[in-house]
Amino acid sequence: MRLAAFLWMVAGAAWALEGNSVGGLYEEHFPPIHPNCTQSLTDLLLLRQEVQLQELKQAEHASAEILKEILTVIKDSLTPILKSRAGTPCPGNYTKVGATCLHLAKDTDVTWEDARLFCQEMGGDLAVFRDANAYADAVGYIKDIISIPSAKVWLGGNDLIVEGEWKWITGVDMPRGIPFWGIYNNAPEPNGGVGENCAILHGSYGLEIHDVSCGWHCKPLCQI
Ligand SMILES: [Ca+2]
């Protein structure tokens with residue numbers, strides 16, 4: 001009789017388990033998150049991400065503005081320097097020629113000393129050539145202004161201090177030979193000795209450099 005009662009209880013328990021699965025028991029004690037709660041959490045996370053993105057965007061915008069301001073300051077500082085190096089207009093009557101500013105006083109014919117004073121009054125001095133390119137640039141500039149061969153143009157070069165030592169007025173040695181100096185009577189210039197101590201671009205010789213008397217009346221080629 002006891003055995004029968006025990007078996008009956010086991011059978012009852014088995015039936016109960018079959019009717020209420022383990023999952024059912026779990027759900028009874030730990031109910032699933034309500035769909036509305038899940039939605040709220042997702043919304044919260046999305047909102048947080050949105051706020052963070054917004055903050056990042058604001059920071060990015062602020063950085064871009066600062067960078068823009070820095071670049072503007074740099075640009076403002078560099079512009080005058082770049083302009084002065086890259087062919088800004090020359091002052092007064094001067095013309096940009098290669099890397100320098102020149103002015104040929106085509107209607108003025110004066111001695112070398114007066115030519116120098118003329119250029120100094122224009123804020124410059126008689127022209128000197130840094131190299132063969134500068135020489136070629138100056139010749140091209142002069143040919144555009146006056147007719148060759150009538151042009152006789154003073155340069156800032158002489159051998160006034162020591163005969164035969166040709167110097168630019170800057171104190172630098174003048175270049176010698178081709179393509180700067182010409183030839184006269186089969187003798188390479190300069191060849192005038194003590195009687196010829198100032199340098200011109202001689203129109204009769206394709207604007208090559210010749211030494212002539214400093215008392216000649218020639219056109220100042222000024223440089224600034
Ligand atoms: Ca001389």
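The values are calculated or read from the model by the stated rules, or taken from the named source; none is laboratory data. From a predicted model like this one, the values you see are computed outputs, not experimental measurements. Heads up, the Cβs are rebuilt from the backbone with ideal geometry, glycines too, and the neighbour counts pull from every protein chain shown.
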Go through (1) in the same structural domain as Ile178 (by TED's automatic domain parsing); (2) surrounded by 10 or more Cβ atoms within 10 Å (Cβ to Cβ) one by one and return the number of the condition Glu121 breaks.
-> (2)
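Out of Asp144, Asp159, report the one residue that is more than 13 Å from the ligand (Cβ to nearest atom) and assigned by TED's automatic domain parsing to the domain that holds Lys219. Steps first, please.
Numbers: Asp159 fails: more than 13 Å from the ligand (Cβ to nearest atom).
Going through Asp144, Asp159 in turn, the sole match is Asp144.
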Those residues of the stretch 179-211 which are near the ligand (Cβ under 10 Å from one of its atoms) and in contact with a strand residue (DSSP E or B) (Cβ under 7 Å, 6 or more places away or on another chain) amount to Pro190, Asn191, Gly192, Glu196, Asn197, Cys198, Ala199, Asp211
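Could you check how many residues of the stretch 175-204 are touching a residue at least 40 places away in the same chain (Cβ under 8 Å), in contact with an Asp or Glu (Cβ under 9 Å, 6 or more places away or on another chain) and not in a strand (DSSP E or B)? Break it down stepwise before answering.
From the stretch 175-204, those touching a residue at least 40 places away in the same chain (Cβ under 8 Å) are 175, 179-180, 198-204; that's our starting set.
With in contact with an Asp or Glu (Cβ under 9 Å, 6 or more places away or on another chain) added as a condition, the list becomes 175, 179-180, 198-202.
From what is left, the residues that are not in a strand (DSSP E or B) are 175, 179-180.
Residues that pass the stated criteria total 3.
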